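Trainee: I have a structure I would like to understand better, so I am pasting it below and will then ask my questions one at a time.
The values are calculated or read from the model by the stated rules, or taken from the named source; none is laboratory data. None of the values given here were measured: they were computed from a predicted structure. For neighbour counting, all protein chains shown are included, and Cβ atoms are generated from backbone atoms with ideal geometry for every residue, glycine included. Accessible surface is based on the protein model in full, side chains and every heavy atom, while ligands, DNA and RNA are left aside. Shrake-Rupley method; radii C 1.70, N 1.55, O 1.52, S 1.80 Å.
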Amino acid sequence: MSEPSGQELYERIPTKVFEDASLAVCEVAKEIAEAIRARQAEGKSFVLGLATGSTPVPLYRELVRMHREEGLSFANVTSFNLDEYFGIESRHPESYHRFMREQLFDHIDIPEAQINIPQGAVAREEVFEACQAYEEKIEACGGIDVQILGIGRTGHIGFNEPGSGPHSRTRLVTLDRLTRLDAARDFQGEHNVPRYAVTMGVGTIMDARKVYLLAWGRSKAEVIKAAVEDAPVESLPASFLQAHSNAYFILDTASASELTRNKYPWLVGFPAWTPELARESVTHLSLKLGKPLLKLVDKDYQENGLSELVTEQGPAYGLNIRVFNEVQHTITGWPGGKPDADDTYRPERALPARKRVLVLSPEPQDDVLAMAATLSRLVAHGHEVTVAYLTSGSLGVPDEEANWAADLMLEAGDSAIASDVLRELEEKGAFSEDSPRLRTFKSYLRRNEARASLEMCGLSKSCIRFLDLPFYEKGRYRRFEVGEEDVAAMSRLIDEIKPHQIFVTGEAADPSSVQAKSFSVFENAIRSFSSEPWYKDCYVWLYRSDGREWDIHQVEMAVPCSPDEVKAKAQAIYQHRSQRSQLPSMNADQSEAWEQAVERNRGTAVLYDKLGLAEYEAIECFVRWSTVEGASK
Ligand code: F6R
């Protein structure tokens, strides 16, 4: 028997990491296509288990492309979907029946009679039988050949929430609060999200002959690490797949970023000790041992798998000082550069003293979540700041908010629009999509919130742009298609401002999210300026507005915030009224957006403190993006 590789010591399930989701799905789609064709050649059918949600969207696009361009036929395919919300009709815009039609079935030649999706609209007393019938049908079809899975942030597969047993079968389940919160935007408010679902069981999934679990984006990184590297537990149903003999995790680099092989590569092999990796490992060592950087000694390195590093680049004290200085140099109270100062070791250039700054916010609120304090500083330091909201964010406005605003207008005597909106809301119920008029109304709500929020950061209305990119206006969640008109609108804005600094986000988000789509619009637009003189002098800074902050060794600009700035930041986020939770927060994990954002910034400050740097109240942080094809520096 061969010695296990370092990676195998940590990973309990075969895991393949691809540079991005599109490369990953090409490989999975190719394997599915080959398997389907092989069965066709034998005159046999192929049973495919399917998932919904954002994750499989790129896979379905690739399968549709193969059908159209390469003649891949699904005539011999029988499909079984994992799950469906309970209590909603298949015509509901968020039903998985409708999702599957829109994303896949309407675009391929699978015969209607061979499509199977659990029924969400059966009477409660009939669910048990319907679930049993579903199991029997899978068995009658010979079992599932290939099962596609996504993974929820709770670690669920299908809707097998934490607590689901490894032998569970198709059944009615109660959805976890986190899962319902994740779906709240799709359903325009948490209270519209069904409480129950019908799902194949973990046991049903384990019976599939082959399983691919796909995951994209940084928001999945933690749950992926636990599912791949920790012992199987009921509190994380995806971890049961470790016991499957033919299951594979297919990841992009962002979702794989917490795996030991990526996070601590020195534990699984003999990496080249680049300055970045040295910084990563030394900061990690310091935090792990609870010792400030400057107190680490050779023995600490040797006893923690870092003897090569300390031999190559030590002794410890010199290495400690080097890393300490690097981290120290990321800290600046001058995010637009400090005029009249030596900028050799500062993240931003001193000149020009007054910069044109463009902040791109995919949806209203992304900006302030990540950088309200930095925005205030940029304004206070006299830079010309423009904040551009790339999409209207109308899809994220719950109906109650529109109702509230329309009621207010009605009372104030502006009855024409208000009555129309109220009537539409009434007629629409929870089951239809918003009309263009309602979407526009909702987008006005978000505009007002964004203006109020930026006012807290010292920005006047004239500094705000609303791009309303067409991909969003024409689309719905998971169905966005970026087009040339989006890129053209972004290019016009960039060309008009010719910024010295751009702040942008979304490069590591789930590929079908608004943030990732917005980033791809930006990336396409910025390319056309690569030879412009102004662009050569433009720094692009990436920020994170989702739940996860940059790792400490990645940070290239750390902007400390005073206690008052932290309060002001919370106030700025609070202005996004329509984004507040519909329920009072119950515990720390599910706290409100402003609480989470501030907590995250406080967490960064704690890490800087632990490393032995100054103790700040909170820190907002950024990483520079290099324009080398899609790579962040
Ligand atoms: C959907 C399903 C769920 C999703 C999971 C991830 O059929 O079974 O387990 O795969 O909730 O959802 P997304 O892909 O939207 O992140």
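Trainee: Among (1) in a helix (DSSP H, G or I); (2) within 22 Å of the chain's Cα centre (by Cα), where does Arg544 come up short?
Mentor: So Arg544 meets the others, but not (1).
Trainee: On to the next question. State which residue pairs qualify: first residue free of Cβ contacts under 8 Å to residues at least 40 places away in the same chain and open to solvent by 30 Å² or more (accessible area, probe 1.4 Å) and inside segment 312-339, second residue among the charged types (D, E, K, R) and in a loop (DSSP other than H, G, I, E, B) in any location, beta carbons under 8 Å apart, and separation of 6 or more residues or different chains.
Mentor: Short answer, once both residue conditions are applied: His329/Arg346; Lys338/Arg346; Lys338/Glu348.
Trainee: Regarding segment 49-61, can at least one residue be identified that is modelled with pLDDT of 95 or more and more than 16 Å from the ligand (Cβ to nearest atom)?
Mentor: no
Trainee: Looking only at segment 114-144, how many residues end up being crowded, with 21+ Cβ neighbours inside 10 Å, in a loop (DSSP other than H, G, I, E, B) and at pLDDT 95 or above?
Mentor: Final tally of qualifying residues: 3.
Trainee: How many residues are away from the ligand (no atom under 13 Å from the Cβ) and either outside any strand (DSSP E or B) or touching a residue at least 12 places away in the same chain (Cβ under 8 Å) (or both) when one looks only at segment 199-235? Don't jump to the end; show me each part of the working.
Mentor: Step one: filter segment 199-235 for residues away from the ligand (no atom under 13 Å from the Cβ), giving 203, 206-210, 222, 225-226, 228-235.
In the following step, the residues that additionally are either outside any strand (DSSP E or B) or touching a residue at least 12 places away in the same chain (Cβ under 8 Å) (or both) were identified as 203, 206-210, 222, 225-226, 228-232, 234-235.
Final tally of qualifying residues: 16.
Trainee: Identify, by number, the condition in (1) within 15 Å of the ligand (Cβ to nearest atom); (2) among the acidic types (Asp, Glu); (3) farther than 28 Å from Ala184 by Cα that Glu70 doesn't meet.
Mentor: (1)
Trainee: Also, I was wondering about something else. Sort through Ala388, Ala372 and tell me the only one that's open to solvent by less than 10 Å² (accessible area, probe 1.4 Å), in a helix (DSSP H, G or I) and among the small types (Gly, Ala, Ser).
Mentor: Ala372
Trainee: A further question on this structure: It is to be established whether one or more residues within segment 492-506 are closer than 30 Å to Ile224 by Cα, open to solvent by less than 20 Å² (accessible area, probe 1.4 Å) and in a loop (DSSP other than H, G, I, E, B). Let's see the steps before the verdict.
Mentor: Narrowing segment 492-506 to residues closer than 30 Å to Ile224 by Cα: 503-506.
Applying the additional criterion that residues be open to solvent by less than 20 Å² (accessible area, probe 1.4 Å) yields 503-506.
Applying the additional criterion that residues be in a loop (DSSP other than H, G, I, E, B) yields 505-506.
There is at least one residue in segment 492-506 that is closer than 30 Å to Ile224 by Cα, open to solvent by less than 20 Å² (accessible area, probe 1.4 Å) and in a loop (DSSP other than H, G, I, E, B).
Trainee: Quick check: is even one residue across segment 243-255 within 13 Å of the ligand (Cβ to nearest atom) and in a helix (DSSP H, G or I)?
Mentor: Scanning segment 243-255, I find no residue that is within 13 Å of the ligand (Cβ to nearest atom) and in a helix (DSSP H, G or I), so the answer is no.
Trainee: Checking the condition part of a strand (DSSP E or B), within 15 Å of the ligand (Cβ to nearest atom), within 31 Å of the chain's Cα centre (by Cα) and at negative phi, which residue from Glu94, Glu84, Glu102 passes?
Mentor: When all the criteria are applied, what remains is Glu84.
Trainee: Return yes or no: is Leu289 at pLDDT 95 or above and open to solvent by less than 20 Å² (accessible area, probe 1.4 Å)?
Mentor: So Leu289 fails the test.
Trainee: Considering only segment 406-423, state which residues are open to solvent by 10 Å² or more (accessible area, probe 1.4 Å), of a type outside the set (Val, Ile, Thr) and under 25 Å from Gly189 (Cα atoms).
Mentor: Asp407, Leu408, Met409, Leu410, Glu411, Ser419, Asp420, Leu422, Arg423 - these are the residues of segment 406-423 that are open to solvent by 10 Å² or more (accessible area, probe 1.4 Å), of a type outside the set (Val, Ile, Thr) and under 25 Å from Gly189 (Cα atoms).
Trainee: Any idea which of (1) surrounded by 21 or more Cβ atoms within 10 Å (Cβ to Cβ); (2) farther than 18 Å from Thr154 by Cα is the one Leu241 doesn't satisfy?
Mentor: It is condition (2) that Leu241 fails.
To keep it simple, each residue is scored yes or no on (1) among the aliphatic types (A, V, I, L, M); (2) away from the ligand (no atom under 14 Å from the Cβ); (3) closer than 25 Å to Leu251 by Cα; (4) under 29 Å from the mean Cα position of the chain (by Cα).
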residue	(1), (2), (3), (4)
Val122	yes, yes, no, no
Glu126	no, yes, no, no
Glu129	no, yes, no, no
Glu135	no, yes, no, no
Ile138	yes, yes, no, no
Asp145	no, yes, yes, no
His156	no, no, yes, yes
Asn160	no, no, yes, yes
Ser164	no, no, yes, yes
